[in-house]
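In what follows, a structure is listed as C-alpha coordinates, so that the remarks can point back to it.
The values are calculated or read from the model by the stated rules, or taken from the named source; none is laboratory data. Owing to the predicted nature of the structure, the values given are computational and were not obtained by experimental measurement. We place every Cβ from the backbone using ideal geometry, glycine too, and count neighbours over all the protein chains shown. Accessible surface areas use protein heavy atoms only, side chains included; no ligands, DNA or RNA. Shrake-Rupley method; radii C 1.70, N 1.55, O 1.52, S 1.80 Å.
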Amino acid sequence: MAKNKIRITKKEGLTLLKDADLLGLGMMADKIRCQLHPEGVVTFVIDRNINYTNICINRCSFCAFWRDKKDPEAYILSKKKLFSKIKETIELGGTQILIQGGLHPELGINYYVELLKSIKENFNIHIHGFSPPEICYIADKAGFSIKKTIKLLKEAGLDSIPGGGAEILSDRIRKKISPKKIGKERWLKVMEEAHNLGMKTTATMMFGSIEEPEDIIEHLDAIRRLQDKTHGFTAFIPWNFQPKNTELARKAEDKKIRRWEDKEFSTSHPLNFSSSLHPATAVEYLRILALSRVYLDNIPNIQASWVTQGLKLAQVALRFGANDFGSTMLEENVVAAAGIKYMVSTNDILIAIKGTGFKPAQRDMYYNVIKHKNKK
Ligand code: SF4
(Lines give C-alpha, C1' and ligand atoms only; values in the text may rest on other atoms or scores of the structure.)
Protein backbone atom coordinates (compact mmCIF):
# COMPACT_ATOMS: atom_id res chain seq x y z
CA MET A 1 0.00 0.00 0.00
CA ALA A 2 1.21 3.55 -0.68
CA LYS A 3 2.83 5.28 2.29
CA ASN A 4 -0.04 7.67 2.92
CA LYS A 5 -2.20 4.55 3.55
CA ILE A 6 -5.36 6.30 2.44
CA ARG A 7 -7.60 3.68 0.91
CA ILE A 8 -10.41 5.03 -1.20
CA THR A 9 -13.85 3.45 -1.01
CA LYS A 10 -15.89 2.16 -3.94
CA LYS A 11 -18.08 5.24 -3.71
CA GLU A 12 -15.08 7.55 -3.78
CA GLY A 13 -13.62 5.58 -6.68
CA LEU A 14 -16.82 6.03 -8.62
CA THR A 15 -16.84 9.76 -7.95
CA LEU A 16 -13.23 10.05 -9.12
CA LEU A 17 -14.01 8.07 -12.25
CA LYS A 18 -17.05 10.12 -13.15
CA ASP A 19 -16.25 13.61 -11.96
CA ALA A 20 -12.60 14.19 -11.08
CA ASP A 21 -10.63 16.77 -12.96
CA LEU A 22 -8.33 14.73 -15.23
CA LEU A 23 -5.11 16.53 -14.33
CA GLY A 24 -5.96 16.46 -10.61
CA LEU A 25 -6.55 12.70 -10.78
CA GLY A 26 -3.32 12.29 -12.74
CA MET A 27 -1.36 14.22 -10.12
CA MET A 28 -2.86 12.08 -7.36
CA ALA A 29 -1.79 8.92 -9.22
CA ASP A 30 1.65 10.34 -9.98
CA LYS A 31 2.18 11.09 -6.30
CA ILE A 32 1.37 7.49 -5.37
CA ARG A 33 3.61 6.18 -8.19
CA CYS A 34 6.41 8.36 -6.84
CA GLN A 35 5.93 7.04 -3.28
CA LEU A 36 6.00 3.43 -4.48
CA HIS A 37 8.87 3.92 -6.96
CA PRO A 38 10.94 6.85 -5.70
CA GLU A 39 14.04 5.82 -7.67
CA GLY A 40 12.58 7.18 -10.93
CA VAL A 41 13.08 3.93 -12.82
CA VAL A 42 10.65 2.74 -15.49
CA THR A 43 10.91 -0.96 -16.24
CA PHE A 44 10.16 -3.15 -19.24
CA VAL A 45 10.57 -6.82 -20.10
CA ILE A 46 11.94 -8.26 -23.33
CA ASP A 47 9.59 -11.02 -24.37
CA ARG A 48 7.42 -12.36 -27.12
CA ASN A 49 3.72 -13.22 -27.28
CA ILE A 50 3.35 -16.67 -28.75
CA ASN A 51 -0.18 -17.71 -29.64
CA TYR A 52 -0.04 -21.48 -30.07
CA THR A 53 -3.48 -21.63 -31.70
CA ASN A 54 -6.20 -19.23 -32.83
CA ILE A 55 -8.88 -21.92 -32.86
CA CYS A 56 -11.35 -21.10 -30.11
CA ILE A 57 -14.77 -22.39 -29.17
CA ASN A 58 -15.67 -19.34 -27.07
CA ARG A 59 -16.21 -16.87 -29.95
CA CYS A 60 -16.25 -13.78 -27.73
CA SER A 61 -17.91 -10.88 -29.53
CA PHE A 62 -15.12 -8.40 -28.68
CA CYS A 63 -12.36 -10.64 -30.04
CA ALA A 64 -11.00 -10.43 -33.59
CA PHE A 65 -8.42 -13.17 -33.06
CA TRP A 66 -10.38 -16.43 -32.91
CA ARG A 67 -11.07 -18.68 -35.89
CA ASP A 68 -13.19 -21.78 -36.46
CA LYS A 69 -11.30 -24.98 -37.04
CA LYS A 70 -12.32 -25.00 -40.71
CA ASP A 71 -11.33 -21.39 -41.36
CA PRO A 72 -8.42 -21.10 -43.83
CA GLU A 73 -6.63 -18.84 -41.31
CA ALA A 74 -6.99 -21.33 -38.45
CA TYR A 75 -3.70 -22.68 -37.13
CA ILE A 76 -1.96 -24.57 -34.42
CA LEU A 77 1.76 -23.89 -34.17
CA SER A 78 4.11 -26.78 -34.78
CA LYS A 79 6.70 -27.37 -32.09
CA LYS A 80 9.42 -26.60 -34.63
CA LYS A 81 7.96 -23.14 -35.27
CA LEU A 82 7.35 -22.51 -31.59
CA PHE A 83 10.93 -23.43 -30.72
CA SER A 84 12.34 -21.20 -33.45
CA LYS A 85 10.35 -18.27 -32.00
CA ILE A 86 11.74 -18.98 -28.53
CA LYS A 87 15.29 -19.27 -29.88
CA GLU A 88 14.93 -15.93 -31.66
CA THR A 89 13.53 -14.33 -28.47
CA ILE A 90 16.57 -15.45 -26.47
CA GLU A 91 18.95 -14.25 -29.19
CA LEU A 92 17.31 -10.81 -28.96
CA GLY A 93 17.91 -10.64 -25.20
CA GLY A 94 14.47 -11.92 -24.20
CA THR A 95 13.95 -13.54 -20.82
CA GLN A 96 10.37 -14.77 -21.05
CA ILE A 97 7.59 -15.86 -23.37
CA LEU A 98 3.92 -15.10 -22.97
CA ILE A 99 2.18 -18.14 -24.34
CA GLN A 100 -1.57 -18.01 -24.84
CA GLY A 101 -4.14 -19.29 -27.29
CA GLY A 102 -7.76 -20.03 -28.00
CA LEU A 103 -9.77 -22.79 -26.37
CA HIS A 104 -8.97 -25.58 -28.81
CA PRO A 105 -11.47 -28.44 -28.47
CA GLU A 106 -8.94 -31.13 -29.32
CA LEU A 107 -6.08 -30.18 -27.01
CA GLY A 108 -6.09 -31.95 -23.67
CA ILE A 109 -3.97 -31.53 -20.55
CA ASN A 110 -1.29 -33.90 -21.89
CA TYR A 111 -0.63 -31.50 -24.79
CA TYR A 112 0.02 -28.63 -22.36
CA VAL A 113 2.13 -30.67 -19.94
CA GLU A 114 4.24 -32.06 -22.76
CA LEU A 115 4.60 -28.61 -24.37
CA LEU A 116 5.79 -27.01 -21.13
CA LYS A 117 8.21 -29.83 -20.36
CA SER A 118 9.73 -29.73 -23.83
CA ILE A 119 10.22 -25.94 -23.70
CA LYS A 120 11.97 -26.22 -20.34
CA GLU A 121 14.13 -29.11 -21.56
CA ASN A 122 15.36 -27.02 -24.47
CA PHE A 123 15.44 -23.43 -23.22
CA ASN A 124 16.25 -21.43 -20.11
CA ILE A 125 13.27 -19.09 -20.31
CA HIS A 126 10.46 -17.93 -18.03
CA ILE A 127 7.06 -19.21 -19.17
CA HIS A 128 4.24 -16.77 -18.46
CA GLY A 129 1.29 -18.61 -19.87
CA PHE A 130 -2.32 -19.72 -20.14
CA SER A 131 -4.84 -17.20 -18.89
CA PRO A 132 -7.70 -18.26 -16.56
CA PRO A 133 -10.16 -19.21 -19.35
CA GLU A 134 -7.55 -21.61 -20.79
CA ILE A 135 -6.76 -23.05 -17.36
CA CYS A 136 -10.45 -23.66 -16.67
CA TYR A 137 -10.99 -25.23 -20.09
CA ILE A 138 -8.00 -27.55 -19.60
CA ALA A 139 -9.26 -28.45 -16.10
CA ASP A 140 -12.84 -29.10 -17.20
CA LYS A 141 -11.79 -31.26 -20.13
CA ALA A 142 -9.53 -33.34 -17.88
CA GLY A 143 -12.11 -33.52 -15.10
CA PHE A 144 -9.58 -32.02 -12.68
CA SER A 145 -9.96 -29.23 -10.15
CA ILE A 146 -8.43 -25.85 -10.97
CA LYS A 147 -5.90 -26.41 -8.19
CA LYS A 148 -4.79 -29.80 -9.51
CA THR A 149 -4.54 -28.45 -13.06
CA ILE A 150 -2.36 -25.50 -12.07
CA LYS A 151 -0.20 -27.78 -9.95
CA LEU A 152 0.38 -30.14 -12.90
CA LEU A 153 1.17 -27.23 -15.25
CA LYS A 154 3.51 -25.73 -12.66
CA GLU A 155 5.36 -28.99 -12.21
CA ALA A 156 5.69 -29.21 -16.01
CA GLY A 157 7.31 -25.77 -16.21
CA LEU A 158 4.68 -23.04 -16.05
CA ASP A 159 6.20 -20.14 -14.07
CA SER A 160 3.42 -17.55 -13.91
CA ILE A 161 -0.05 -16.80 -15.24
CA PRO A 162 -1.09 -13.74 -17.28
CA GLY A 163 -4.23 -11.83 -16.33
CA GLY A 164 -5.93 -12.25 -19.70
CA GLY A 165 -9.58 -13.12 -20.00
CA ALA A 166 -10.59 -10.75 -17.22
CA GLU A 167 -12.05 -8.12 -19.53
CA ILE A 168 -14.54 -6.61 -17.11
CA LEU A 169 -15.08 -8.62 -13.94
CA SER A 170 -18.80 -7.95 -13.92
CA ASP A 171 -20.99 -10.90 -14.86
CA ARG A 172 -23.70 -8.53 -16.08
CA ILE A 173 -21.35 -7.38 -18.86
CA ARG A 174 -19.61 -10.73 -19.39
CA LYS A 175 -22.96 -12.33 -20.18
CA LYS A 176 -23.41 -9.83 -22.99
CA ILE A 177 -19.95 -9.71 -24.56
CA SER A 178 -18.61 -13.21 -23.88
CA PRO A 179 -21.45 -15.47 -22.70
CA LYS A 180 -19.42 -18.67 -23.09
CA LYS A 181 -16.44 -17.40 -21.16
CA ILE A 182 -15.79 -18.18 -17.50
CA GLY A 183 -17.49 -15.82 -15.07
CA LYS A 184 -15.95 -13.43 -12.58
CA GLU A 185 -15.71 -15.94 -9.71
CA ARG A 186 -13.86 -18.57 -11.75
CA TRP A 187 -11.39 -16.01 -13.07
CA LEU A 188 -10.67 -14.96 -9.50
CA LYS A 189 -10.56 -18.60 -8.35
CA VAL A 190 -7.79 -19.41 -10.86
CA MET A 191 -5.74 -16.48 -9.63
CA GLU A 192 -6.32 -17.34 -5.98
CA GLU A 193 -5.32 -20.98 -6.46
CA ALA A 194 -2.22 -19.94 -8.42
CA HIS A 195 -1.21 -17.47 -5.70
CA ASN A 196 -1.79 -20.12 -3.02
CA LEU A 197 0.52 -22.45 -4.96
CA GLY A 198 3.21 -19.79 -4.86
CA MET A 199 2.81 -18.53 -8.41
CA LYS A 200 2.72 -14.86 -9.33
CA THR A 201 0.21 -13.53 -11.82
CA THR A 202 -0.79 -10.26 -13.41
CA ALA A 203 -4.25 -8.69 -13.59
CA THR A 204 -5.73 -6.91 -16.58
CA MET A 205 -8.85 -4.97 -17.41
CA MET A 206 -10.34 -4.34 -20.83
CA PHE A 207 -12.52 -1.25 -20.72
CA GLY A 208 -14.35 0.79 -23.34
CA SER A 209 -16.86 -1.76 -24.60
CA ILE A 210 -20.34 -1.64 -23.10
CA GLU A 211 -19.54 -1.49 -19.41
CA GLU A 212 -20.58 1.39 -17.18
CA PRO A 213 -18.53 3.16 -14.51
CA GLU A 214 -19.93 0.89 -11.79
CA ASP A 215 -18.58 -2.15 -13.63
CA ILE A 216 -15.09 -0.66 -13.71
CA ILE A 217 -15.22 -0.08 -9.96
CA GLU A 218 -16.54 -3.63 -9.41
CA HIS A 219 -13.55 -4.93 -11.36
CA LEU A 220 -10.97 -2.87 -9.48
CA ASP A 221 -12.52 -3.78 -6.16
CA ALA A 222 -12.48 -7.53 -6.91
CA ILE A 223 -8.77 -7.32 -7.78
CA ARG A 224 -7.97 -5.27 -4.68
CA ARG A 225 -9.84 -7.66 -2.37
CA LEU A 226 -8.07 -10.73 -3.75
CA GLN A 227 -4.71 -8.99 -3.53
CA ASP A 228 -5.36 -8.21 0.15
CA LYS A 229 -5.79 -11.95 0.68
CA THR A 230 -2.97 -13.40 -1.45
CA HIS A 231 -0.51 -10.66 -2.50
CA GLY A 232 0.07 -12.61 -5.71
CA PHE A 233 -0.53 -9.95 -8.38
CA THR A 234 2.67 -8.31 -9.57
CA ALA A 235 1.03 -5.74 -11.82
CA PHE A 236 -2.19 -4.34 -13.19
CA ILE A 237 -2.62 -3.61 -16.89
CA PRO A 238 -5.65 -1.66 -18.07
CA TRP A 239 -6.17 -1.54 -21.83
CA ASN A 240 -9.00 -0.49 -24.03
CA PHE A 241 -11.29 -2.53 -26.25
CA GLN A 242 -10.28 -2.47 -29.92
CA PRO A 243 -13.53 -2.56 -31.89
CA LYS A 244 -12.23 -3.12 -35.42
CA ASN A 245 -13.07 -6.52 -36.96
CA THR A 246 -15.20 -7.55 -33.95
CA GLU A 247 -18.77 -8.79 -33.79
CA LEU A 248 -19.46 -6.37 -30.95
CA ALA A 249 -18.63 -3.38 -33.16
CA ARG A 250 -20.79 -4.77 -35.95
CA LYS A 251 -23.70 -5.10 -33.51
CA ALA A 252 -23.15 -1.51 -32.42
CA GLU A 253 -23.30 -0.33 -36.02
CA ASP A 254 -26.59 -2.19 -36.41
CA LYS A 255 -27.76 -0.39 -33.27
CA LYS A 256 -28.25 -3.72 -31.53
CA ILE A 257 -25.97 -2.72 -28.72
CA ARG A 258 -25.03 0.63 -27.23
CA ARG A 259 -22.17 1.90 -25.17
CA TRP A 260 -22.74 3.72 -21.92
CA GLU A 261 -26.46 3.25 -22.15
CA ASP A 262 -27.12 5.21 -19.00
CA LYS A 263 -28.89 8.37 -20.16
CA GLU A 264 -27.61 10.22 -17.10
CA PHE A 265 -24.52 10.96 -19.18
CA SER A 266 -24.09 13.01 -22.29
CA THR A 267 -21.35 13.35 -24.90
CA SER A 268 -20.11 16.46 -23.09
CA HIS A 269 -19.23 14.33 -20.06
CA PRO A 270 -15.48 13.84 -19.50
CA LEU A 271 -15.86 10.13 -20.20
CA ASN A 272 -17.44 10.87 -23.58
CA PHE A 273 -20.32 8.44 -23.30
CA SER A 274 -21.43 7.69 -26.81
CA SER A 275 -23.70 5.30 -28.62
CA SER A 276 -21.10 3.87 -30.97
CA LEU A 277 -18.15 1.64 -30.15
CA HIS A 278 -15.15 3.78 -30.92
CA PRO A 279 -11.76 3.04 -29.42
CA ALA A 280 -11.41 4.78 -26.04
CA THR A 281 -9.99 8.27 -26.28
CA ALA A 282 -6.65 9.24 -24.79
CA VAL A 283 -8.56 11.10 -22.05
CA GLU A 284 -10.57 7.99 -21.12
CA TYR A 285 -7.41 5.88 -21.07
CA LEU A 286 -5.50 8.26 -18.82
CA ARG A 287 -8.47 8.66 -16.48
CA ILE A 288 -8.84 4.91 -16.00
CA LEU A 289 -5.10 4.36 -15.72
CA ALA A 290 -4.81 7.03 -13.02
CA LEU A 291 -7.84 5.70 -11.17
CA SER A 292 -6.31 2.20 -11.24
CA ARG A 293 -3.12 3.53 -9.59
CA VAL A 294 -5.15 5.30 -6.90
CA TYR A 295 -7.60 2.45 -6.25
CA LEU A 296 -5.18 -0.47 -6.34
CA ASP A 297 -3.08 0.65 -3.42
CA ASN A 298 -1.86 -2.91 -2.80
CA ILE A 299 -0.57 -3.64 -6.32
CA PRO A 300 3.00 -2.46 -6.79
CA ASN A 301 3.14 -1.96 -10.55
CA ILE A 302 0.89 -0.40 -13.15
CA GLN A 303 1.70 -0.94 -16.81
CA ALA A 304 1.30 1.57 -19.60
CA SER A 305 -0.11 -0.11 -22.70
CA TRP A 306 1.86 1.23 -25.67
CA VAL A 307 0.51 -1.70 -27.70
CA THR A 308 -2.97 -0.17 -27.71
CA GLN A 309 -2.10 3.50 -27.09
CA GLY A 310 1.14 4.05 -28.97
CA LEU A 311 4.43 5.25 -27.54
CA LYS A 312 3.50 8.94 -27.21
CA LEU A 313 0.50 8.31 -24.97
CA ALA A 314 2.42 5.64 -23.07
CA GLN A 315 4.95 8.38 -22.25
CA VAL A 316 2.15 10.55 -20.85
CA ALA A 317 0.89 7.53 -18.91
CA LEU A 318 4.13 7.59 -16.89
CA ARG A 319 2.81 10.77 -15.27
CA PHE A 320 -0.63 9.27 -14.73
CA GLY A 321 0.40 6.40 -12.44
CA ALA A 322 2.23 3.93 -14.67
CA ASN A 323 5.77 2.83 -13.71
CA ASP A 324 6.25 0.07 -16.26
CA PHE A 325 6.25 -0.10 -20.04
CA GLY A 326 5.26 -3.75 -20.21
CA SER A 327 6.83 -5.88 -22.85
CA THR A 328 8.85 -5.10 -25.94
CA MET A 329 6.53 -7.62 -27.65
CA LEU A 330 8.75 -9.05 -30.32
CA GLU A 331 5.49 -10.52 -31.61
CA GLU A 332 1.85 -9.67 -30.93
CA ASN A 333 -1.19 -11.12 -32.74
CA VAL A 334 -4.35 -10.54 -30.69
CA VAL A 335 -4.50 -6.73 -30.75
CA ALA A 336 -3.07 -6.79 -34.29
CA ALA A 337 -6.10 -8.85 -35.38
CA ALA A 338 -8.22 -5.82 -34.42
CA GLY A 339 -6.20 -3.63 -36.77
CA ILE A 340 -3.85 -2.07 -34.21
CA LYS A 341 -0.16 -2.56 -34.92
CA TYR A 342 2.36 -0.29 -33.26
CA MET A 343 5.78 -1.66 -34.16
CA VAL A 344 8.52 -0.52 -31.81
CA SER A 345 12.02 -1.71 -31.08
CA THR A 346 13.68 -2.00 -27.68
CA ASN A 347 15.62 1.12 -28.62
CA ASP A 348 12.36 3.03 -29.30
CA ILE A 349 11.22 2.05 -25.79
CA LEU A 350 14.49 3.22 -24.25
CA ILE A 351 14.25 6.56 -26.08
CA ALA A 352 10.60 6.98 -25.04
CA ILE A 353 11.35 6.31 -21.35
CA LYS A 354 14.45 8.53 -21.27
CA GLY A 355 12.51 11.26 -23.08
CA THR A 356 10.19 11.54 -20.08
CA GLY A 357 13.07 11.94 -17.63
CA PHE A 358 12.85 8.42 -16.19
CA LYS A 359 15.63 5.81 -16.12
CA PRO A 360 14.85 2.70 -18.18
CA ALA A 361 15.64 -0.76 -16.84
CA GLN A 362 15.07 -4.25 -18.18
CA ARG A 363 13.24 -6.44 -15.66
CA ASP A 364 12.01 -9.98 -15.22
CA MET A 365 8.42 -11.10 -14.56
CA TYR A 366 8.86 -10.50 -10.82
CA TYR A 367 9.92 -6.89 -11.49
CA ASN A 368 13.51 -7.53 -10.44
CA VAL A 369 15.80 -5.26 -12.43
CA ILE A 370 18.06 -7.32 -14.71
CA LYS A 371 19.91 -4.46 -16.33
CA HIS A 372 19.83 -0.68 -16.06
CA LYS A 373 19.74 0.83 -19.54
CA ASN A 374 20.49 4.43 -18.81
CA LYS A 375 23.72 4.69 -20.79
CA LYS A 376 23.70 6.78 -24.01
S1 SF4 B 1 -10.99 -13.63 -26.21
FE2 SF4 B 1 -9.94 -15.60 -25.90
S3 SF4 B 1 -11.61 -16.98 -25.30
FE4 SF4 B 1 -12.60 -15.22 -26.31
S5 SF4 B 1 -12.76 -15.80 -28.49
FE6 SF4 B 1 -10.82 -14.65 -28.24
S7 SF4 B 1 -9.31 -16.28 -27.96
FE8 SF4 B 1 -11.30 -17.20 -27.54
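A few notes on this one:
- J(HN,Hα) series, region 364-370, from Karplus relation 6.51 cos²θ - 1.76 cosθ + 1.60, nearest Hz, glycine and proline x: 9, 5, 8, 6, 7, 6, 8
- Added length on full extension, which subtracts the Cα-Cα distance from 0.36 nm per residue, N374 to N110: 90.6 nm
- In region 1-157, Cα pairs under 8 Å separated by at least six residues give a relative contact order of 21 percent.
- Whole-percent carbon and sulfur share, accessible surface of the chain, 1.4 Å: 54 percent
- Residue among L107, H37, I90 farthest towards the positive dipole end of region 36-172, charges placed on Cβ: L107
- When only Cα pairs below 8 angstrom with a gap of at least 6 residues are kept, the chain shows a relative contact order of 25 percent.
- Legend note: in the chain, cysteines whose Cβ sits 4.7 Å or more from every other cysteine Cβ are C34, C56, C136.
- As a length-normalised measure over Cα pairs under 8 Å and 6 or more apart, the relative contact order of region 101-196 settles at 33 percent.
- Where only DSSP H runs of four or more residues are counted, the chain gives -13000 deg cm²/dmol as its mean residue ellipticity at 222 nm, each run worth -39500 (n - 2.57).
- Normalised per residue, the accessible area of the chain is 42 Å², obtained with a 1.4 Å probe and no contribution from ligands, DNA or RNA.
- Computed about its Cα centre, the charge dipole of the chain is approximately 380 debye, with only Lys, Arg, Asp and Glu carrying charge at their Cβ.
- Expressed to the nearest 5 percent, the antiparallel share of DSSP beta bridges inside the chain is 10 percent.
- Antiparallel DSSP beta bridges within region 29-158, percent to nearest 5: 10 percent
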